[in-house]
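**Q** After the C-alpha cells below, expect a handful of questions from me.
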Amino acid sequence: MIRLMKNEILKLVKKKSFYIVTFIFILFCILTNIVYQSSFDTVQEESVDIEEITAQNEELDLEDNDDLLIYVENLTTLKMEELKEEYLGSSQEYLIEHFLYSTIYHMYEADYILDDDALKEEYSLALDEEIKRVAQDDWKSFALERVSYLEERVEESEGVEQERYQKLLDLALYRIENDVDYAEDNYLNEALLFLEENSFEYMNLLHDDDLSKEEESRLSFLEEEMTKREYILEHQQDILNDTTLRAVLINFPAEFGLFVLIYVIMIAGSIVSEEYTRGTIKYLFIKPFKRRTILTSKLLVVVLMIPLVMLFMSVIEIVLGGIQLGFSSLSVPVVLYVDGAITTYSVFGYLARLLLSSLPMYLLIGVLGFMISTITSSTSAAITISFLFYLLGNVISNLALVYDFPIFKGFVSLYWDFGYLVSHQAQPYGASIGQSILVISIYLLVMLCIAYVTFEKKDVKNI
C-alpha cells in the first residue's frame, strides 16, 4: 500500500499540469498582494467645485438676508479650500477642516452681516494665529483646547449628557497622553476619530428603550465596531489594516479557494482515468495487489493531497506576501467580536481553522472527481462534472437562503462549509454539526461504494 501511494505521489509531482497551475497561482498571489497593498478600500472624498461656488456668489443679492448668509458660508468654504490645498493628505488638512471653520465663519460674519470692524479684526488675528499653528503642525495645541472645552462641558452637564462628554474627554486625553496626531495613516487616530464621531449616536441608541429593527441593527453594528476600536487603543495593534499580509491570509479561502479546487479536481479527476488512458492499468493488475488495494491507495493519495495542497499554497503566499507586504503584520492577532466580547487568534491559528473548516467541501469534490474518473475512465468528464457540481452547489446554497424548499435540504452544499464555526456564527441553514457530518458521510459513502463496485467489475481486456 505505501509503495503504491509513493508511486502515485511521484506521478503527480511529475505532471506538467501541476507546475502550470502552480506558476499561475504564483502570479495570482503576486497580483493579489499588489491589490491589497494599494488599499482597495480607500474612500474618495467629495471635491468642492470652487468655480461653481464663486459663480453662485456673483449672482447673490447681498441686500437679501438669506443670500447674505449663503454668501458668508460660501466665502468660508472657499477660504477653507484655499488653506487645505497647501496641506493635502496631511494632518494639517484635518486641523484646518475641523478647527478653523468656526473662526473663518465668524470673521466673515463680522464683516458682512454684523458690519463690526473691531470684531472682524479680532477674528482675523485669531485666524492668523491658528494658521501659524497649523503651518507648524502644532496639533497638540488644538487637542489641548478641545480637552479644556470638554472639561467645561463635563462640569456643566449631568446624567447621560455628562456621560457622553466624559467619553469624548477620555478620548481627547488619550490622544495627548499617547502622542496621537491627526495623520490619515495613523491607525490610532482612525480609531479615535471613529469613536468620537459615533459615541453620541451609540449612547442615544443604548439609552433608548423603544428601538426599531433598523436601530437595533445599527446599535449592534456600533457595539461591534466600537469595541474593536477600543481594543486597538488599549493594545495599540493595527487589527483593521487591509493592506498587510495578515489581511490576505485572513481572506485566504476567498482569495485562493478556487486554486485549491483546481488542484483537488485535477488530482482526483485524473488519478484513476489516466491509468486507463495510458493503458498502464493492466500493469497494475498483474502486480500482487488486489483491485480494492490499488483503488484505496489512489483514494488515500487524493485525501492526503488536499491538506498538503493547502499547506503548499499557504507557504507560497506567506513567502511572496512577506516579500511584498512585509512579515511584521503576522504578529498582530485576528480579533473577532463574539457575544459582546473580543476573541483573539494568532494569524496562523486562524488560517489553520479556516482551512480545516473548508476541508469537507474539498474532500467531497475530490471524492466526486475520483468516482467519476473511476466510472468513466475519462479525465475530462471527471473534471467537468466536478466543477459543475461545485457551481451547482453554490447556486443551490444561495437559493436555499431565500427559498425554503424541502428538496434543498438534501443537497450537500448546505452542509459542507464549516466556516461559521470559525467566525462563531450560526449555521446559515439551521443545521447542527451532527446533521452536517451525517449528510456529508452519506454522500461520501455512496460515492465510494459506487467507485469501488465499478472498479472491481471493470473489464480491461480491450484497453
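**Q** Using alpha carbons only, how many degrees (0 to 90, rounded to 10) separate the axis of helix 16-37 from the longest principal axis of the chain?
**A** 10
**Q** A further question on this structure: Can you compute the charge dipole magnitude of the chain about its Cα centre, using +1 on each Lys and Arg Cβ and -1 on each Asp and Glu Cβ, nothing else charged? Give it in debye, rounded to the nearest 20.
**A** Working: 34 positive and 73 negative charges, 1896 e Å.
It comes to approximately 9100 debye.
**Q** Could you go through segment 157-164 in sequence order and give the Karplus-derived ³J(HN,Hα) for each residue, using 6.51 cos²θ - 1.76 cosθ + 1.60 with θ = phi - 60°, rounded to whole Hz, and x for Gly and Pro?
**A** Along segment 157-164, the couplings run 9, 8, x, 5, 4, 5, 4, 5 Hz.
**Q** Let me ask something additional. What residues qualify as long-range amide H neighbours of Gly326, i.e. H under 5 Å apart, gap of 5 or more or another chain, H built at 1.01 Å from N?
**A** Here nothing satisfies the definition.
**Q** Calculated from DSSP H runs of 4 or more alone, at -39500 (n - 2.57) each and per residue, what is the 222 nm mean residue ellipticity of the chain, nearest 500? Working shown, then result.
**A** Values: 20 runs with 332 residues, N = 463.
The helix-only estimate for the chain comes to -24000 deg cm²/dmol at 222 nm.
**Q** Rounding to the nearest 10 and keeping the result within 0 to 90°, find how far the Cα-based axis of helix 213-235 lies from the longest principal axis of the chain.
**A** 90
**Q** Using Cα centres only, tell me the gap between segment 1-33 and segment 186-243 in whole Å.
**A** The two parts, judged by their Cα centres, are 45 Å apart.
**Q** By counting other Cβ atoms within 10 Å of each Cβ, how are Ser380, Ser423 ranked from fewest to most? Mind showing how you got there, number by number?
**A** Working: Ser380 11, Ser423 14.
Lowest to highest Cβ neighbour count: Ser380, Ser423.
**Q** Now, a different point. Which aspartates and glutamates have a Cα lying under 19 Å from the Cα of Lys6, excluding residues fewer than 8 positions away in the same chain?
**A** Glu274, Glu275
**Q** May I pose another question? Please rank Ile96, Ile26, Ile20, fewest neighbouring Cβ atoms within 10 Å first, as an exposure proxy. Show your work: numbers first, answer last.
**A** Values: Ile96 24, Ile26 15, Ile20 11.
Arranged by neighbour count, lowest to highest, Ile96, Ile26, Ile20 become Ile20, Ile26, Ile96.
**Q** Would you kindly derive the ³J(HN,Hα) couplings of segment 118-129 from the backbone phi angles with the Karplus curve 6.51 cos²θ - 1.76 cosθ + 1.60 (θ = phi - 60°), listing them in order in whole Hz, with x for Gly and Pro?
**A** 5, 5, 4, 5, 4, 6, 5, 5, 5, 5, 4, 5
**Q** Further question: How many angstrom separate the Cα center of segment 372-393 from the Cα center of segment 134-163?
**A** Here the two parts' Cα centres lie 66 Å apart.
**Q** I've got another one for you. To the nearest Å, what is the center-to-center distance of segment 271-334 and segment 394-463, using C-alpha atoms only?
**A** 22
**Q** Residue by residue through segment 292-305, which ³J(HN,Hα) values in whole Hz follow from phi under the Karplus form 6.51 cos²θ - 1.76 cosθ + 1.60 (θ = phi - 60°), with glycine and proline marked x?
**A** Whole-Hz 3J(HN,Hα) from phi for segment 292-305: 5, 5, 4, 5, 5, 4, 5, 4, 5, 5, 4, 4, 5, 6.
**Q** Rounding to the nearest 20 debye, state how big the charge dipole of segment 170-219 is about its Cα centre with +1 on each Lys and Arg Cβ and -1 on each Asp and Glu Cβ.
**A** Dipole magnitude for segment 170-219 comes out near 60 debye.
**Q** While we're looking at this one, here's another question. Beyond a 20 Å Cα-Cα separation, which of these cross-linked pairs lie in this structure: Lys14/Lys458; Lys14/Lys290; Lys11/Lys458; Lys84/Lys132; Lys16/Lys290? Kindly include the intermediate steps, with their values, before the conclusion.
**A** On the way: Lys14/Lys458 27 Å; Lys14/Lys290 26 Å; Lys11/Lys458 23 Å; Lys84/Lys132 14 Å; Lys16/Lys290 30 Å.
The pairs that break the limit, which is 20 Å between Cα atoms, are Lys14/Lys458; Lys14/Lys290; Lys11/Lys458; Lys16/Lys290.
**Q** Report, in debye and to the nearest 20, how large the dipole of segment 139-240 comes out about its Cα centre when Lys and Arg carry +1 and Asp and Glu carry -1 on their Cβ. Intermediate results must be reported in sequence, preceding the final value.
**A** Working: 10 positive and 30 negative charges, 54 e Å.
My answer is approximately 260 debye.
**Q** Compute the helix-to-body angle for 433-457: its Cα long axis versus the longest principal axis of the chain, expressed 0 to 90° and rounded to tens.
**A** Between the helix axis and the principal axis of the chain, the angle is about 30 degrees.
**Q** Could you line up His235, His106 from fewest to most neighbouring Cβ atoms inside 10 Å?
**A** Details: His235 14, His106 21.
Least crowded to most crowded, the residues run His235, His106.
**Q** Taking DSSP loops as anything outside H, G, I, E and B, show the longest stretch in the chain free of GluC sites (Glu not before Pro) there with at most 10 other beta carbons within 10 Å.
**A** Values: sites that count: Glu45, Glu46, Glu63, Glu158.
Counting at most 10 other Cβ atoms within 10 Å as exposed, the longest clean stretch of the chain is 159-463.
**Q** Taking P(r) over Cα pairs in 10 Å bins from 0, in percent straight from the coordinates, which label in (1) 4, 17, 23, 19, 13, 9, 7, 5, 2, 1, 0; (2) 4, 19, 29, 28, 15, 4, 0, 0; (3) 4, 14, 19, 19, 14, 11, 9, 6, 3, 1, 0 is the correct one?
**A** It is the value labelled (3).
Each value in this text was obtained by applying a stated rule to the coordinates, not by laboratory testing. A quick note: this is a predicted structure, and the numbers were derived from the prediction, not measured. As a convention, Cβ positions derive from the backbone with ideal geometry for all residues, glycine included, and neighbour counts pool all protein chains shown.
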